[in-house]
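Structure, as structure tokens:
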Amino acid sequence: MKAVAVKPGTPNSVHIREVPEPKLSDIPNGRGVKVKVLKVGVDATDREINEALYGNAPDGDDYLVIGHECFGVVEEVGEHVKHVEPGDYVTCTVRRPGGSIYDNIGRSDITSEEVYYERGINLLHGFMTECFVDDAEFIVKMPLKLKHLHVLAEPMSCAAKAVQQAYDAQRRLQVWEPKVAFVMGAGQIGLLATLILRLRGLEVYTMARSPGPHLKQEIVDSLGAKFISTSETTPEELTEQLGKRPDIIVECTGSSKMAFKSMELIGHNGVVVWTSITGSDNTVEIPADAINLHWVLGNKLLVGSVNANFRHFELGIQDLALGELSYPGVLEKILTNPVDGLDNYQEMMRLLVEEKDALKVFINVADE
Ligand SMILES: NC(=O)c1ccc[n+]([C@@H]2O[C@H](COP(=O)([O-])OP(=O)(O)OC[C@H]3O[C@@H](n4cnc5c(N)ncnc54)[C@H](OP(=O)(O)O)[C@@H]3O)[C@@H](O)[C@H]2O)c1
């Protein structure tokens, strides 16, 4: 069958190749699920894997099939699989357990091991193929009426985990009733975090650099949040205008400068969640004494969040469903750039690298 792969270590090596088709029996104990892939989304991680910035091939192979945001339909299940059946729409988690205690309790998303096993990212082949097989433990059912949101399930799981981690950590306060949220960044993660916080009833300000009107502003506004262009209003000016500081900041710009800026903005007892993956080696000057002082005096908290487990996928899917009911037709606007067929992988990569307005590039791998 066809698959889109890279040669790890070789920049711009993305190519299409024939790979062996997996079988249900590859997974022991009747727990296998075989999925026909319908759509696969791509993000900055895929771009960086193609730039050979990271990503390793599975043992014994010299290529890595890419793709970690998948949506498909179940074709076959093993005898012990009960939560999905042929014909169901599904997505799949990305990280597989290593050996730490967190991996053993189903929390590979917070593994304490240095080496990650992630489908389509590191040491395991991904989903940009015609079909895949995995253990039922990692297969997440998508409701029929969310099939039009397909590849958003994976980025949504990361946004859902980020917000949930903040709420979990804030139990330290015994009582926490957040009212105001800043979301730094209006890419896919920022927009999905905006939705989650709006569904929790917060007053949300979502920031990006480029002034509107544009699609990001339209989506933010349609979710009942307020779009702020930082080139028109700085975050400091915004806090001054509001006369209050945020209780929660979800930082997802990809800029470490904004990550540290968030630390200057958060209010007393507040929580900052960092999600940006900042691969380069930029340095920034920060007002370290002031940040330290205000963080101690204000009992503030910083949480880093990455990846997502089965439960976060479920949480994210629940919020996608509630989002569709609350703001009908808004979320599908994130799915901006479809590409038809695995053979068009070069167009997919071009859009990912060059199309600055693309919120989500994805491949239509097959019709049902
Ligand atoms: N932790 C996780 O589990 C996880 C999962 C997926 C992705 N990520 C990471 O999360 C980050 C966001 O991902 P994404 O796909 O949403 O990214 P994206 O599509 O590149 O969006 C980034 C957004 O941040 C804004 N931005 C960038 N620099 C800024 C600055 N200096 N000031 C204000 N706004 C700024 C951009 O503004 P413009 O719109 O004006 O360009 C854009 O709206 C990335 O670092 C990604 O690697 C983390």
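Residues in the stretch 173-226 that are outside any helix (DSSP H, G or I) and either within 16 Å of the ligand (Cβ to nearest atom) or crowded, with 24+ Cβ neighbours inside 10 Å (or both): 21 in all. Cβ separations smaller than 9 Å between residues 6+ apart or across chains give the following pairs from the stretch 317-332 residues that are in contact (Cβ under 8 Å) with a residue 40 or more places away in the chain and under 16 Å from residue 189 (Cα atoms) to residues that are among the acidic types (Asp, Glu) and surrounded by fewer than 15 Cβ atoms within 10 Å (Cβ to Cβ): 330/218.
In the stretch 227-260, which residues are of a type outside the set (A, V, I, L, M, F, W, C), within 10 Å of the ligand (Cβ to nearest atom), crowded, with 19+ Cβ neighbours inside 10 Å and not in a loop (DSSP other than H, G, I, E, B)? Hits for the stretch 227-260 are 235, 251. Being among the hydrophobic types (A, V, I, L, M, F, W, C) and touching a His at 6+ places or on another chain (Cβ under 9 Å) holds for only one residue in 38, 24, 53, and it is 38.
Taking first residues from the stretch 261-277 that are more than 23 Å from residue 44 (Cβ to Cβ) and partners that are of a type in the set (D, E, K, R) and in a strand (DSSP E or B), no Cβ contact under 8 Å between residues at least 6 apart in sequence or on separate chains turns up. State yes or no: is residue 282 of a type in the set (S, T, N, Q), touching a helix residue (DSSP H, G or I) at 6+ places or on another chain (Cβ under 8 Å) and touching a residue at least 60 places away in the same chain (Cβ under 8 Å)? Judged against the criteria, residue 282 is not a match.
Scanning the stretch 44-99 for residues being over 17 Å from the mean Cα position of the chain (by Cα) and of a type in the set (A, V, I, L, M) gives a total of 10.
Okay, residues lined up against (1) under 20 Å from residue 74 (Cα atoms); (2) touching a residue at least 12 places away in the same chain (Cβ under 8 Å); (3) crowded, with 18+ Cβ neighbours inside 10 Å:
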residue	(1), (2), (3)
5	no, yes, yes
33	yes, yes, yes
41	yes, yes, yes
47	no, yes, no
54	no, yes, no
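The condition of being polar (S, T, N, Q) and surrounded by 18 or more Cβ atoms within 10 Å (Cβ to Cβ) holds for residue 165. Beta carbons closer than 7 Å, at least 6 apart along the sequence or on distinct chains, pair a first residue in the stretch 162-189 that is under 30 Å from residue 336 (Cα atoms) with a second that is of a type in the set (Lys, Arg) for 180/244; 186/216; 188/360.
Each value in this text was obtained by applying a stated rule to the coordinates, not by laboratory testing. Not measured: the values here are computed from a predicted model. Backbone-built Cβ (ideal geometry, glycine too); neighbour counts: all protein chains shown.
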